[in-house]
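Peer 1: Once you've had a glance at the structure underneath, I'll fire off some questions.
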Protein chains: 2
Amino acid sequence: MTRRKSVRRTTIDDVAKLAGVSISTVSRVVSGNAPVNEDTATRVQRAIEELNYKPSTAARALSDRRTNAFGLLVSEIAAPYYLYLLRGIEMAVREAGLGLLINSVGMSENQQEKTRPFLGEHNTDGIIVSSGSLPDEELQRLHELGLPLVLLHRTSPNGLSIPSLNVDNQAGIKAIIDHLVTVHGHQRIAFLRGPESEEDSYWRELGYREALQAHGLPIDPSLIGYGGFDEHISYTMVSEWLESGMSFDAIFTGNDEAAPGVLNALYEHGLRVPEDVAVVGFDDDHLASRLTPKLTTVRSPIEQLGKEAVAQLLSLMEGKPTPSKILPIEFIVRQSCGCSG
Amino acid sequence: MTRRKSVRRTTIDDVAKLAGVSISTVSRVVSGNAPVNEDTATRVQRAIEELNYKPSTAARALSDRRTNAFGLLVSEIAAPYYLYLLRGIEMAVREAGLGLLINSVGMSENQQEKTRPFLGEHNTDGIIVSSGSLPDEELQRLHELGLPLVLLHRTSPNGLSIPSLNVDNQAGIKAIIDHLVTVHGHQRIAFLRGPESEEDSYWRELGYREALQAHGLPIDPSLIGYGGFDEHISYTMVSEWLESGMSFDAIFTGNDEAAPGVLNALYEHGLRVPEDVAVVGFDDDHLASRLTPKLTTVRSPIEQLGKEAVAQLLSLMEGKPTPSKILPIEFIVRQSCGCSG
DNA sequence: AGCGCTTTCGAAAGCGCTTTCATAAATTGT
DNA sequence: ACAATTTATGAAAGCGCTTTCGAAAGCGCT
């Protein structure tokens with residue numbers, strides 16, 4: 001095994017020697033976990049600076065039984081959605097003086113199977129688990145070990161009571177339907193469903209059905225299709241609809257990522273948005289305001305979700321009760337619905 | 001200090017006891033660093049599985065003097081550009097059986113100053129340093145410590161010889177100018193410069209000038225403006241140009257992120273793209289193919305850049321010579337240049 | 001001067017692993 | 001059958017820190 005050019009690192013001993021104290025004292029000065037005489041402390045501080053001493057995280061972790069890092073587990077890192085989530089998480093974690101370990105369980109380069117997650121009880125003090133990134137079984141194991149866990153976009157399995165965080169999917173889709181019906185007078189509103197594996201898909205569809213009913217509108221099953229929260233799948237679905245002669249006033253795309261596919265399909269079939277068909281998305285991701293027409297959508301407070309997740313983890317570490325939360329959404333009116341926004 | 005509900009972790013001792021061997025043997029079985037009798041190994045393996053033993057990263061790191069993790073240091077995590085970079089890096093790191101620590105040096109929530117990076121020699125075996133995320137001084141310190149380092153989008157300071165990775169900026173912009181001049185016959189091509197702090201800005205401008213000269217075109221300083229690789233800044237710049245009555249056949253936006261701003265400015269001044277003005281970007285990020293019109297651009301192999309960075313780090317760890325690299329780009333013709341793509 | 005406190009600090013144990021060194025057992029050659 | 005190897009394994013040191021425990025010193029009183 002090749003080893004790094006061995007420039008011996010400065011350790012706590014070096015500092016202790018230079019400052020003329022014991023390592024216990026140095027440790028106390030560094031961590032601030034116990035009182036130290038002011039003069040002594042200053043002397044130690046000077047030694048630390050002179051030697052440019054940085055405590056070893058490994059040694060600290062070993063002694064402390066805590067790694068001072070949180071983990072983020074996602075299934076596919078390169079989703080536009082994660083851009084702001086990551087940002088929120090990173091900021092909060094940094095603010096808390098911790099590190100952030102990231103791990104995707106996506107396909108590995110060579111194999112077709114999912115790789116075992118690298119994160120676990122041994123290298124984090126808590127993990128943010130995004131939907132679909134971890135099987136219930138492993139989730140249970142970690143939870144029973146007492147490792148702080150927060151779920152994103154999914155609820156806790158069984159009776160595990162792991163706190164979870166989500167946006168208010170139902171309120172979001174209701175806002176959309178209300179707007180389309182009330183403001184624009186649309187009646188036939190198509191719905192693109194997300195993947196089964198995402199709970200959000202379920203909540204959004206439920207909200208859709210309830211909202212239609214609330215307006216006394218019929219639920220036409222042929223207006224509900226599979227979009228998979230995906231641009232290409234949605235493109236295909238909408239194309240099929242149009243080619244089979246189906247008609248609708250508006251389409252809810254499932255999420256913003258799917259919107260470009262929907263817009264393209266409509267455009268290629270000679271339909272104008274919003275004149276002929278209104279289009280509304282969900283999330284207000286990076287794309288939404290940059291599409292043509294600008295996408296009317298529901299803003300998920302993604303960055304805040306990330307911060308909140310970190311807060312939950314910290315709360316769990318302190319042993320506090322940490323209830324699940326549903327974050328409020330905001331309806332963003334732009335042009336794709338027919339408003340002049 | 002509150003401590004996690006203390007479910008004592010299973011350690012190497014537990015495994016050793018159950019398998020009836022010494023911890024040395026268990027260690028050897030786990031790491032495979034020394035031969036172990038086959039029967040013994042099986043027995044140990046069984047014990048490991050039965051106890052669900054996972055070695056402590058901290059203890060390992062302490063003993064090994066290596067953390068088994070790489071770090072990624074960026075200045076602002078929520079840039080669309082990082083989406084695929086992160087993906088490439090994460091995949092490669094995972095494939096190498098390592099962890100990935102992410103750290104942004106962006107503004108912290110409360111303070112206006114940049115936060116001290118969390119990453120360093122003590123918690124990583126190597127760091128990927130994105131442009132602008134670390135002052136030369138700290139870079140030097142880490143490099144002299146012998147920590148493997150790879151620079152992204154910037155070259156090594158002074159005589160430090162830290163390997164760096166970049167895309168072929170000059171070739172990219174030359175391909176653009178060639179296309180605009182040769183295929184579309186444009187002569188007055190405006191150029192939006194990136195931030196001073198980014199080397200890419202420099203290379204792209206240099207390439208622009210050289211390419212114009214190669215075509216025997218004059219360099220009109222008024223056609224060069226500051227876009228800052230930013231949507232809003234670019235919007236403002238282009239608006240000013242148009243309001244001051246400047247005219248041009250085409251605009252190079254600096255990078256794709258700036259493109260929406262440019263398109264909006266043109267659109268709001270009644271100019272059609274590509275009929276009145278051709279627009280070309282750089283990077284082929286997530287947005288490029290989804291704008292209207294679809295953006296002609298240069299594809300930076302961002303994901304590959306990430307993978308390559310990890311490969312460089314691994315190479316450095318093995319003490320191999322690890323030269324810098326410039327990755328080739330690909331010119332992507334879409335519609336914003338006037339092609340029918 | 002002697003007593004009980006409080007404050008400050010050092011010695012040493014322990015965190016869970018890897019690895020060196022030594023020993024014991026098995027194998028080979030003569 | 002015996003020395004010379006080779007192979008398999010354990011004991012123990014060490015990685016750099018935190019923290020417990022106890023001693024020493026300083027303090028205010030009687």
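Peer 1: Which members of segment A:234-262 meet the condition of being on the phi > 0 side of the Ramachandran plot and either assigned to a strand (DSSP E or B) or within 32 Å of the chain's Cα centre (by Cα) (or both)? Before the answer, list the steps.
Peer 2: The initial filter retains those residues of segment A:234-262 that are on the phi > 0 side of the Ramachandran plot, namely A:245, A:254.
Listed by number, the list holds a single entry, A:Gly254.
Peer 1: Condition check: surrounded by 15 or more Cβ atoms within 10 Å (Cβ to Cβ), in contact (Cβ under 8 Å) with a residue 12 or more places away in the chain and in contact with a Phe, Trp or Tyr (Cβ under 6 Å, 6 or more places away or on another chain). Does B:Thr10 satisfy that?
Peer 2: Numbers: surrounded by 15 or more Cβ atoms within 10 Å (Cβ to Cβ): yes; in contact (Cβ under 8 Å) with a residue 12 or more places away in the chain: yes; in contact with a Phe, Trp or Tyr (Cβ under 6 Å, 6 or more places away or on another chain): yes.
Answer is yes for this residue.
Peer 1: Here is a check on your reading of the model: is A:Glu275 away from chain B (no Cβ under 14 Å) and out of contact with any Ser or Thr (no Cβ under 9 Å at 6 or more places or on another chain)?
Peer 2: When the stated conditions are applied, A:Glu275 passes them.
Peer 1: Select from segment A:33-51 the residues that are at pLDDT below 90 and more than 10 Å from DNA strand C (Cβ to nearest atom) and list them in ascending order.
Peer 2: If the condition is that a residue be at pLDDT below 90 and more than 10 Å from DNA strand C (Cβ to nearest atom), then A:Asn33 is the only one that fits.
Peer 1: Exactly one of (1) buried (at least 18 other Cβ atoms within 10 Å of the Cβ); (2) within 9 Å of another protein chain (Cβ to nearest Cβ); (3) of a type in the set (A, V, I, L, M, F, W, C) is unmet by A:Ala59. Its number?
Peer 2: Result: A:Ala59 passes all but (1).
Peer 1: Hey, another quick one. What number of residues in segment B:75-88 are free of Cβ contacts under 8 Å to residues at least 60 places away in the same chain and within 9 Å of chain A (Cβ to nearest Cβ)?
Peer 2: Initial filter on segment B:75-88 (free of Cβ contacts under 8 Å to residues at least 60 places away in the same chain): B:75-78, B:82.
Checking the rest, the ones that are also within 9 Å of chain A (Cβ to nearest Cβ) come to B:76-78, B:82.
Going through segment B:75-88 one residue at a time, the tally reaches 4.
Peer 1: Another one. Give me the pairs: first residue in segment B:22-38 and over 19 Å from B:Lys54 (Cα atoms) and free of Cβ contacts under 8 Å to residues at least 24 places away in the same chain, second residue more than 6 Å from DNA strand C (Cβ to nearest atom) and of a type in the set (A, V, I, L, M), beta-carbon distance under 8 Å, and six or more apart or on different chains, which are they?
Peer 2: B:Val36/B:Val29; B:Val36/B:Val44
Peer 1: Also, I was wondering about something else. For segment A:134-171, give me each residue that is in contact (Cβ under 8 Å) with a residue 60 or more places away in the chain, of a type outside the set (A, V, I, L, M) and more than 29 Å from A:Glu210 (Cα to Cα).
Peer 2: A:Pro148
Peer 1: Which of (1) within 14 Å of chain A (Cβ to nearest Cβ); (2) within 20 Å of B:Asp168 (Cβ to Cβ); (3) of a type outside the set (Ser, Thr, Tyr) is the odd one out, the single condition B:Val280 does not satisfy?
Peer 2: Every condition holds for B:Val280 apart from (1).
Peer 1: In segment A:210-222, how many residues are out of contact with any helix residue (DSSP H, G or I) (no Cβ under 8 Å at 6 or more places or on another chain), surrounded by 15 or more Cβ atoms within 10 Å (Cβ to Cβ) and outside any loop (DSSP other than H, G, I, E, B)?
Peer 2: Count: 0.
Peer 1: Oh, and also: Mind telling me which of the residues A:Ala34, A:Ala41, A:Ala59, A:Ala78 ends up being in contact with a helix residue (DSSP H, G or I) (Cβ under 9 Å, 6 or more places away or on another chain) and under 22 Å from B:Arg141 (Cβ atoms)?
Peer 2: Exactly one residue qualifies, and that residue is A:Ala59.
Peer 1: Continuing with the same structure: Which members of segment B:147-160 meet the condition of being within 14 Å of another protein chain (Cβ to nearest Cβ) and not in a strand (DSSP E or B)?
Peer 2: Result: B:Leu147, B:Pro148.
Peer 1: Still on this model: Among strands (runs of 3 or more DSSP E) lying entirely in segment B:263-341, which contain 1 or more residues that are in the same structural domain as B:Asp178 (by TED's automatic domain parsing) and within 21 Å of B:Thr236 (Cβ to Cβ)?
Peer 2: Where strands (runs of 3 or more DSSP E) fall fully within segment B:263-341 and carry at least 1 residues being in the same structural domain as B:Asp178 (by TED's automatic domain parsing) and within 21 Å of B:Thr236 (Cβ to Cβ), they are B:278-280.
Peer 1: Residues in segment A:69-91: is at least one charged (D, E, K, R), more than 15 Å from DNA strand D (Cβ to nearest atom) and either in a helix (DSSP H, G or I) or surrounded by 23 or more Cβ atoms within 10 Å (Cβ to Cβ) (or both)?
Peer 2: Scanning segment A:69-91, I find at least one residue that is charged (D, E, K, R), more than 15 Å from DNA strand D (Cβ to nearest atom) and either in a helix (DSSP H, G or I) or surrounded by 23 or more Cβ atoms within 10 Å (Cβ to Cβ) (or both), so the answer is yes.
Peer 1: Is it the case, given these coordinates, that A:Arg116 is more than 7 Å from chain B (Cβ to nearest Cβ), modelled with pLDDT under 90 and outside any strand (DSSP E or B)?
Peer 2: For A:Arg116, the condition - more than 7 Å from chain B (Cβ to nearest Cβ), modelled with pLDDT under 90 and outside any strand (DSSP E or B) - is met.
Peer 1: Of the conditions (1) over 18 Å from B:Leu98 (Cα atoms); (2) without any contact (Cβ under 8 Å) to a residue 40 or more places away in the chain; (3) assigned to a helix (DSSP H, G or I), A:Ala58 clears all except one; give me its number.
Peer 2: Failing condition for A:Ala58: (1).
Peer 1: Next up: Considering A:Asn68, A:Asn103, which residue is touching an Asp or Glu at 6+ places or on another chain (Cβ under 9 Å) and on the phi > 0 side of the Ramachandran plot?
Peer 2: Only one candidate qualifies: A:Asn68.
Peer 1: Among the residues of segment B:122-144 satisfying the criterion of being within 13 Å of chain A (Cβ to nearest Cβ), of a type in the set (S, T, N, Q) and not in a helix (DSSP H, G or I), which is farthest from B:Ala311 (Cα to Cα)?
Peer 2: Residue satisfying both the conditions and the ranking: B:Ser133.
Peer 1: Can I ask one more? Give the residues of segment B:30-56 that are within 14 Å of another protein chain (Cβ to nearest Cβ), within 12 Å of DNA strand D (Cβ to nearest atom) and surrounded by fewer than 18 Cβ atoms within 10 Å (Cβ to Cβ), sorted by residue number.
Peer 2: Passing the criteria: B:Asn33, B:Ala34.
Peer 1: Output yes when any residue across segment B:2-9 is within 12 Å of chain A (Cβ to nearest Cβ), more than 11 Å from DNA strand D (Cβ to nearest atom) and assigned to a helix (DSSP H, G or I), and no when none is.
Peer 2: No: segment B:2-9 contains no residue that is within 12 Å of chain A (Cβ to nearest Cβ), more than 11 Å from DNA strand D (Cβ to nearest atom) and assigned to a helix (DSSP H, G or I).
Peer 1: Pull out all pairs, ordered by first then second residue, where Cβ-Cβ is under 8 Å, the residues are six or more apart or on different chains, the first lies in segment B:179-208 and is assigned to a loop (DSSP other than H, G, I, E, B), and the second is among the hydroxyl-bearing types (Ser, Thr, Tyr).
Peer 2: Close Cβ pairs (under 8 Å, with a partner that is among the hydroxyl-bearing types (Ser, Thr, Tyr)) amount to B:Arg188/B:Ser247; B:Gly194/B:Ser201; B:Pro195/B:Ser201; B:Ser197/B:Ser131; B:Glu198/B:Ser131.
Peer 1: Of the residues that make up segment B:133-149, is at least one hydroxyl-bearing (Ser, Thr, Tyr), under 14 Å from the mean Cα position of the chain (by Cα) and at pLDDT 90 or above?
Peer 2: no
The values are calculated or read from the model by the stated rules, or taken from the named source; none is laboratory data. Just so we're clear, the structure is a prediction, and the values are computed from it rather than from any experiment. Quick reminder, even Gly has a Cβ in these numbers, built from the backbone with ideal geometry, and neighbours come from all protein chains shown.
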